[in-house]
1. Does Val250 meet the test of being assigned by TED's automatic domain parsing to the domain that holds Glu419, of a type in the set (Val, Ile, Thr) and not in a helix (DSSP H, G or I)?
2. Scanning segment 231-247 for residues that are among the aliphatic types (A, V, I, L, M) and either touching a residue at least 40 places away in the same chain (Cβ under 8 Å) or surrounded by 17 or more Cβ atoms within 10 Å (Cβ to Cβ) (or both), which turns out nearest to Leu124 (Cα to Cα)?
3. Quick one: is Val214 modelled with pLDDT under 85 and not in a loop (DSSP other than H, G, I, E, B)?
4. Name, by its number, the condition in (1) aromatic (Phe, Trp, Tyr); (2) part of a loop (DSSP other than H, G, I, E, B); (3) buried (at least 19 other Cβ atoms within 10 Å of the Cβ) that does not hold for Trp184.
5. If you go through segment 301-319, how many residues are closer than 22 Å to Arg34 by Cα and either assigned to a loop (DSSP other than H, G, I, E, B) or at pLDDT 95 or above (or both)?
6. For segment 105-135, enumerate the residues that are surrounded by fewer than 18 Cβ atoms within 10 Å (Cβ to Cβ) and closer than 30 Å to Thr25 by Cα.
7. If Asp198 satisfies all but one of (1) crowded, with 21+ Cβ neighbours inside 10 Å; (2) closer than 14 Å to Arg291 by Cβ, what's the number of the condition it fails?
8. Which of the residues spanning segment 279-297 are under 21 Å from the mean Cα position of the chain (by Cα), crowded, with 19+ Cβ neighbours inside 10 Å and more than 14 Å from Arg31 (Cα to Cα)?
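The values are calculated or read from the model by the stated rules, or taken from the named source; none is laboratory data. None of these values were measured; they are calculated from a predicted model. Note that we place each Cβ from the backbone using ideal geometry, even for glycine, and neighbour counts take in every protein chain shown.
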Amino acid sequence: MEIKVDVISRETIKPSSPTPHHLRTHKLSSRDQRATFLYSPVVLFYARSAIHAISGGDGGDGDKYDDLFHDISHRLKVSLSETLTHFYPLAGRLKNNLSVDCNDEGIDFFEARVINDCGVSDILERPSVQGMVPLAPPEPTDYNNAPLLRVQVNFFPCGGVAITVEVSHKISDGPSYSLFMKAWSEIALGSPNTVVPDFNAVSSRFPPIEDFPVTSLTFSGKGPKVVTKKFVIDASKIADLKSKTASASVPQPTRVEAVTALFWKCALVASRSRFGGTRKSYMLKGAINLRSKLIPPLPKHSFGNVVGMFQIIIDKDDDDYESEVTDMSGLVCKMRKGVEEAIMQNNNLSNKATPQVKKEYEMEVYYHTSRFSVYEADFGWGKPTWWGIVGQASIRPPGMAVVDTRDGKGVEIWLTLIEEDMAIVEANQELLYYASPNRAAL
């Protein structure tokens, strides 16, 4: 089901207190400079039952329902304003890819009504990228005047609320996003704020580079048709998969290593099938949170882009090419070695980008597993029933994102592939033994 919304209001939310003069300039790190401005939109779904529990009713009265939505929106805006006082760079504007002018211009806040005659429960029955709540504002075309944070609260006519929060990747990675969401939800609840972000640690470790070229605003929409599908692997299947991918070199694979190896193998099989084995080289690139892995480590609340990329390469000229493609335990060993090498390179403290060799097939994988799960984002009406990624452009094809399930024991995999490759992957019996496609999120 394609969801449509009608925007009923747009306003600017500014920090509740002015940013002091000595904090007006937030220096970007060289990691930030390399990042695209592209927003990373995430949507949190709150079920009807949770929303109406705070009003003591079922929302049958239209006026009462409107009052409830007004109260929700008001709480979000007030707490967001206070949170921006602590996360003041998010309310500023980018300045020539060198810094953020923390001028308190604010962030965009949209209120929208879902036009479809449905509730959050209808979305959760068959969650998909196509069924996500769309974002009302278009992507900006001017870096220096675009807000670094945008929020859209969406009200469903048949019950429930979805909150879309998108932060520019220019100044934020996944862990930074989690820091902001944790602080915002604590402030909304009136709880003690346990998050004190450090905005200087990253640029001190990785200073900005003068005259660094601005990266592309968005991914190109050109090319073959791509699709994004969701798969779920439960804890019991993860245990089986970890056992299967274990080896003498890596006797205890992590769950993300095991899951990545499975989907990487299936994607390779699909690509080789479509091209008849004519492709000569394959590359897997994955993100690593470097905060605790740098020497010395960065503070855990460091805000900015502190993500490194590991890579593994499989060449057809390799003597063990066939086993490299099909042996998941071997893929896990390659990943473990790739991560170790990436950590060593990042501890070199060099501003030089790691040389990248373009391969015929490259897949990127991102991990959204965190000590603070987005599932903990309670603004006063309970924790989200589910959260997901908005838009095909959020995952560059071919690519995937690995996120926690609500219970924290399983994982969801959002896989983006060329349509023909996806059809082959969806029919892969080994993958289907472990993963359930498009399972309901209720």
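1. It is true that Val250 is assigned by TED's automatic domain parsing to the domain that holds Glu419, of a type in the set (Val, Ile, Thr) and not in a helix (DSSP H, G or I).
2. The extreme case among them is Val232.
3. So Val214 fails the test.
4. For Trp184, the failing item is (2).
5. 6
6. Glu105
7. Among (1) crowded, with 21+ Cβ neighbours inside 10 Å; (2) closer than 14 Å to Arg291 by Cβ, Asp198 violates only (1).
8. Leu284, Lys285, Gly286 - these are the residues of segment 279-297 that are under 21 Å from the mean Cα position of the chain (by Cα), crowded, with 19+ Cβ neighbours inside 10 Å and more than 14 Å from Arg31 (Cα to Cα).
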